[in-house]
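The values are calculated or read from the model by the stated rules, or taken from the named source; none is laboratory data. Everything quoted here is computed from the prediction, not taken from an experiment. Ideal geometry is used to build each Cβ from the backbone, glycine not excepted, and the neighbour counts take in all protein chains shown.
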Amino acid sequence: MNDRPAKGIRRTGSGWQVYVRVRGEFRSKHFPPDTDLLTLKTHRSRMQARGWLAQPEPDATGDDFAADVVAYLKLKATMPSIKDRTYHLHQWRDTIGAGRNRADITDAVIGQQLEKWRAGGLSHGACNRRRTALMSFYTVMNGKSGHNPVRDVPKFRETPGALNLPTIRQATKAIGAFGPLSKSKPRLLVLLWTGWPPAQLKQITCQDIDWKAHCARLPPRRKGEGAAARVLPLLPQAVAALRLLDRREAWGAFSVQSLRARLHRACKRAKVTPFNVKTLRHLFLTTVALATKDDRVVAELAQHSNLTMARRYTEQSVNPRLAAGLKLVGRALKRRA
């Protein structure tokens with residue numbers, strides 16, 4: 001890494017400094033010299049979000065957009081992604097919402113602001129998330145059939161690239177670099193062989209596992225559109241990982257951030273390109289998609305409410321017709337040689 005590998009990150013005599021400035025307030029934190037760039041960037045984003053969330057709320061008694069944002073966030077206080085929603089709505093509040101009533105904000109103003117953010121380097125996905133936050137704000141405050149200028153603002157087209165994943169062998173090699181008594185090792189193995197989100201693994205207990213039937217009773221998911229509680233089958237590798245988890249008494253809550261840092265260090269020891277904890281879920285679901293070519297199987301195991309997300313994984317697999325066609329071409333060329 002160079003002296004300034006990214007915005008808000010710079011080298012110091014003892015390592016790296018991550019810093020942000022939110023409304024004139026400067027915040028920083030120092031990291032060891034061997035800290036990877038992804039960890040630095042992630043921490044800076046969290047510092048920035050916490051800085052915005054820590055700002056004092058405006059008076060909620062006024063008849064303006066800022067007061068309406070306060071009221072909306074109180075109504076949505078229990079939603080899982082409330083921190084992200086708060087951050088996005090504060091962005092709207094501090095740009096187009098300053099001193100305005102929500103009824104005075106038009107679709108043209110919203111579209112222009114989104115375009116400014118996009119031109120400033122914000123990704124299409126991030127712009128769409130801000131659009132979704134504002135859409136929900138109007139839906140809640142005005143009702144589903146009420147005034148909602150966001151409806152007439154088109155989404156940005158997102159073109160997700162191919163997932164850059166390690167192989168199963170690389171992932172198991174990295175996890176194998178943990179010590180024999182580590183609790184992180186069984187947790188990562190369970191995530192690798194089940195595809196569960198870390199938040200669900202934190203909620204599962206030994207009583208949720210049917211060891212004889214090789215299945216697990218999973219709690220409901222609240223993320224996105226949510227998913228009901230269900231019973232899912234387990235691979236033999238997953239059962240073995242859960243038994244190791246039980247022997248290490250590693251059930252219950254854990255820090256995903258700390259687990260990610262330990263995984264990155266293990267990757268370096270195993271001489272494997274570092275990857276994140278979330279990558280294990282992607283690797284499992286892609287492996288299922290490659291083996292089954294079935295969107296519904298992937299969606300059920302991923303606990304997705306629709307097939308759209310599942311197609312992200314099945315699209316990573318090779319079309320069997322194309323593969324068969326190229327095999328025939330190869331045979332024909334071999335005969336002509």
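The figures follow:
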| read-out | value |
| --- | --- |
| Members of the range 189-210 found to be closer than 13 Å to Leu263 by Cβ and within 17 Å of the chain's Cα centre (by Cα), listed by number | Leu191, Leu192, Pro198 |
| Residues being at positive phi and surrounded by fewer than 16 Cβ atoms within 10 Å (Cβ to Cβ) - total across the range 289-308 | 1 |
| Among (1) at pLDDT below 95; (2) within 30 Å of Leu235 (Cα to Cα); (3) not polar (S, T, N, Q) - the single one Lys144 does not satisfy | (2) |
| Residue among Thr139, Thr106, Thr172 that alone is out of contact with any strand residue (DSSP E or B) (no Cβ under 9 Å at 6 or more places or on another chain), of a type outside the set (Gly, Ala, Ser), without any contact (Cβ under 8 Å) to a residue 40 or more places away in the chain and over 27 Å from Thr273 (Cα atoms) | Thr139 |
| Which listed residue is modelled with pLDDT of 90 or more and either under 19 Å from the mean Cα position of the chain (by Cα) or not assigned by TED's automatic domain parsing to the domain that holds Trp92 (or both), from Thr139, Thr132 | Thr132 |
| Pair list, Cβ under 6 Å, 6 or more apart: the range 112-124 residue within 15 Å of Ile96 (Cα to Cα), other residue of a type in the set (S, T, N, Q) | Gln113/Thr95 |
| Test set (1) modelled with pLDDT under 95; (2) outside any loop (DSSP other than H, G, I, E, B) - Ala241 fails condition number | (1) |
| Index of the failed condition, Asp152 passing every other in (1) touching a helix residue (DSSP H, G or I) at 6+ places or on another chain (Cβ under 9 Å); (2) closer than 30 Å to Val272 by Cα; (3) among the charged types (D, E, K, R) | (2) |
